[in-house]
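Report on one structure; see the data block that follows.
The values are calculated or read from the model by the stated rules, or taken from the named source; none is laboratory data. Quick caveat: nothing in here was measured; it's all calculated off a predicted structure. So basically every Cβ, Gly included, is an ideal-geometry build from the backbone, and we count neighbours across all protein chains shown. Heavy atoms of the whole protein, side chains included, go into the accessibility calculation; ligands, DNA and RNA do not. Shrake-Rupley method; radii C 1.70, N 1.55, O 1.52, S 1.80 Å.
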Amino acid sequence: LASMQPSGSTPCPCPSFKLREVASMYFTMIAVFLVILVVALQGSAPRGSDFPYKVPLDPQGMLELSWNISYPEQAVHFQLLVRDLHFGLLFGMSDRGEFENADLAVLWSDGHNSYFGDAWSDAKGQLHMDSQQDYQLLGARRAPEGLYLLFRRDFSTCDPKDYLIEDGTVHLIYGILEKPVHSLQAINISAIHRGLQRVQLLKPNITIPELPSDMKSMEITAPDVVIPSQETTYWCYMAELPDGFPKHHIIMYEPVITAGNEALVHHMEVFQCAAEFDSFPHYNGPCDSKMKPDRLNYCRHVLAAWAMGAQAFYYPEEAGLAFGGPGSSRYLRLEIHYHNPLVFKGRRDSSGIRLYYTATLRRYDAGIMELGLVYTPVMAIPPREDAFILTGYCTDKCTQLALPTTGIHIFASQLHTHLAGRKVVTVLSRDGRERQVVNADGHYSPHFQEIRMLKEVVAVFPGDELITTCTYNTEDRSRATVGGFGILEEMCVNYVHYYPQTQLELCKSAVDPGYLHRYFNLVNRFNDEEVCTCPQVSVPQQFFSVPWNTFNRDVLKSLYGFAPISMHCNKSSAVRFPGEWEKQPLPTITERLREPVPHCPPTPGPRPAAPVPLNLGELRRD
């Protein structure tokens with residue numbers, strides 16, 4: 001059922017007898033190896049432990065992808081289970097989940113003969129056989145649950161038609177062929193059932209720490225809230241720890257999402273309130289309501305942060321997040337961001353976060369720090385931009401003042417923007433030289449925001465700088481996108497998880513407002529349409545009235561690249577550390593990190609641009 005025939009290569013015109021004999025023996029050995037591999041696959045099901053990562057590709061679960069990673073080989077091994085095979089399928093990767101300019105592995109059948117090949121699609125979606133076959137079929141096997149396909153792909157192939165597999169989000173695409181096709185070129189991708197799934201393919205080699213026997217859990221959840229029938233809502237709910245709750249370490253947490261509301265709950269956070277207040281009023285309502293007590297603004301110490309797409313989060317064995325005990329408030333604030341673009345009415349929700357904690361304290365208290373841009377409209381993106389860049393700074397002045405001399409250790413990171421975000425990266429700089437990437441996602445999606453364990457712990461010392469850069473696409477927007485809390489406004493944030501905990505909870509920046517005011521005045525001088533700079537006109541309104549010609553775009557980009565910044569070097573109480581933080585100079589970078597050079601694997605020999613025939617028997621016709 002699963003035989004494969006390796007393709008031969010065209011011999012030289014006049015080879016010697018010995019060369020022909022050697023070539024014959026070489027290809028015979030390959031064929032024997034493939035037969036042994038296929039027979040082994042037929043005899044036993046692939047072991048789940050061989051493929052530790054698994055995700056359903058489609059909502060119905062008819063396609064299930066499992067994979068493992070070999071960092072020594074710089075390759076990913078895939079196992080694709082097709083539960084109900086018709087006449088083939090497409091599987092592959094593209095920049096943002098498009099079927100145009102995609103890198104694909106294709107299985108297709110005319111109903112009698114089946115083939116597997118490495119293909120690519122052009123800008124119009126037309127499929128072509130790749131001249132370099134880099135999806136390497138390793139085996140195929142039928143089982144009661146469906147057809148298993150095993151294949152391999154190097155991270156980098158140095159084929160310009162191939163997708164470069166790198167750290168961060170990967171947009172996987174799939175298509176199901178429900179009718180027989182007689183050639184690869186005959187497949188019309190616009191007419192097939194298709195979809196995408198986002199994953200982090202290159203998982204770090206980190207084992208889940210052993211959990212203590214005295215571990216307990218508690219849920220901080222919304223009390224059957226009726227989600228407001230509006231696009232964006234931040235909901236606040238106050239909870240309390242038991243009286244006399246001693247110090248514990250949170251060692252794990254996970255989301256609790258009400259079934260059916262998975263698409264509405266955008267992100268959630270649990271904050272602990274400031275210990276200087278003996279009590280906090282109960283509250284359950286919108287965070288921006290006039291009825292919300294002002295004292296809730298002092299509940300800003302992050303205990304847990306989750307965003308759409310993230311799974312359970314584990315702390316390293318040497319650290320836990322402290323809560324409870326002397327000097328720790330027993331009042332907690334749950335904040336949920338609901339994104340309800342279809343304006344559903346009457347939808348009830350009891351989502352939140354489940355905390356797992358232990359009384360057996362670990363060596364270090366851990367903390368969460370916000371890096372990037374302040375949530376303010378002074379940072380804006382013009383409309384019709386394909387890749388507009390904004391940068392937020394955690395300056396040497398702030399880390400010099402707030403970090404211990406022994407430094408801190410960042411072990412995890414969660415990148416966050418709203419809908420226009422396309423790329424996010426945080427870089428560590430020391431003495432004006434970029435030293436290390438903390439976290440980067442070149443295919444970032446706001447619909448897949450995980451807290452990701454770092455492949456290696458990043459040490460940050462006093463005087464270091466942490467620079468977070470976000471790239472945005474606003475090609476589908478007709479007016480400026482300003483920074484803020486709304487889903488159609490923008491953010492640029494990196495929540496870094498680190499130990500030991502310090503008082504520094506927020507290290508972010510924004511352009512100096514005075515320099516932005518000068519920008520609006522300049523726009524007025526060089527444009528016929530006047531932008532009102534009256535004090536009563538808000539910054540968003542001023543941005544909305546800017547005529548976005550090339551001059552105004554370029555000047556704004558230049559402004560963000562040289563103007564001084566307002567630094568927010570904040571404690572958990574939302575109070576800045578002592579010092580002068582306005583009109584601070586931008587960090588000076590004298591040496592940039594080199595762009596990584598893709599590793600090109602040695603080519604074992606020519607792989608002709610021909611599909612591999614498969615004997616899958618007669619495929620069904622519905």
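Tabulated values for the structure
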{"quantity": "Loop chymotrypsin sites (Phe, Trp or Tyr not before Pro), the stretch 435-527 (other Cβ atoms within 10 Å of the site Cβ: 16 or fewer; DSSP)", "calculated": "PHE485"}
{"quantity": "Inter-probe distance in nm under a simple model that places probes 7 Å from Cα toward Cβ, at VAL575 and ASN205", "calculated": "4.8 nm"}
{"quantity": "Rounded FRET efficiency, nearest 0.05, which uses the C-beta distance separating ASP122 from GLU178 and R0 of 22 Å", "calculated": "0.40"}
{"quantity": "Inter-label distance for ALA387 and GLU262, nm, one decimal - labels placed 7 Å from Cα along Cα-to-Cβ", "calculated": "3.3 nm"}
{"quantity": "Computed FRET value (nearest 0.05) for ARG83 with HIS517, which takes r as the C-beta separation and R₀ as 60 Å", "calculated": "0.45"}
{"quantity": "Under 13 Å, Cβ to Cβ, from TYR499 - net charge with Lys/Arg +1 and Asp/Glu -1", "calculated": "-1"}
{"quantity": "Computed helical MRE - 222 nm, the chain, DSSP H runs ≥ 4 contributing -39500 (n - 2.57), nearest 500", "calculated": "-3500 deg cm²/dmol"}
{"quantity": "Cα gyration tensor shape for the stretch 53-203, rounded if a/c is under 1.5, else prolate or oblate", "calculated": "rounded"}
{"quantity": "Rounded if a/c under 1.5, otherwise prolate or oblate - the stretch 310-458, Cα gyration tensor axes", "calculated": "oblate"}
{"quantity": "Gyration tensor verdict on the stretch 421-480 (Cα atoms; rounded if a/c is under 1.5, prolate if a/b is larger than b/c, oblate otherwise)", "calculated": "oblate"}
{"quantity": "The chain, dipole about Cα centre (Lys/Arg Cβ +1, Asp/Glu Cβ -1), debye to the nearest 20", "calculated": "300 debye"}
{"quantity": "The chain, accessible area per residue, ligands and nucleic acids excluded (1.4 Å, Å²)", "calculated": "46 Å²"}
{"quantity": "Percentage of interatomic Cα-Cα distances in the stretch 329-373 larger than 18 Å", "calculated": "61 percent"}
{"quantity": "Among beta bridges that DSSP assigns inside the chain, antiparallel share in %, nearest 5", "calculated": "95 percent"}
{"quantity": "Rounded accessible area of TYR163 (nearest 10 Å², 1.4 Å probe)", "calculated": "20 Å²"}
{"quantity": "Cross-link pairs beyond the 22 Å C-alpha cut-off, checked among LYS557/LYS583; LYS292/LYS583; LYS397/LYS508; LYS290/LYS571; LYS124/LYS203", "calculated": "LYS292/LYS583; LYS290/LYS571; LYS124/LYS203"}
{"quantity": "P(r) tail fraction, the chain - alpha-carbon pairs more than 44 Å apart, %", "calculated": "30 percent"}
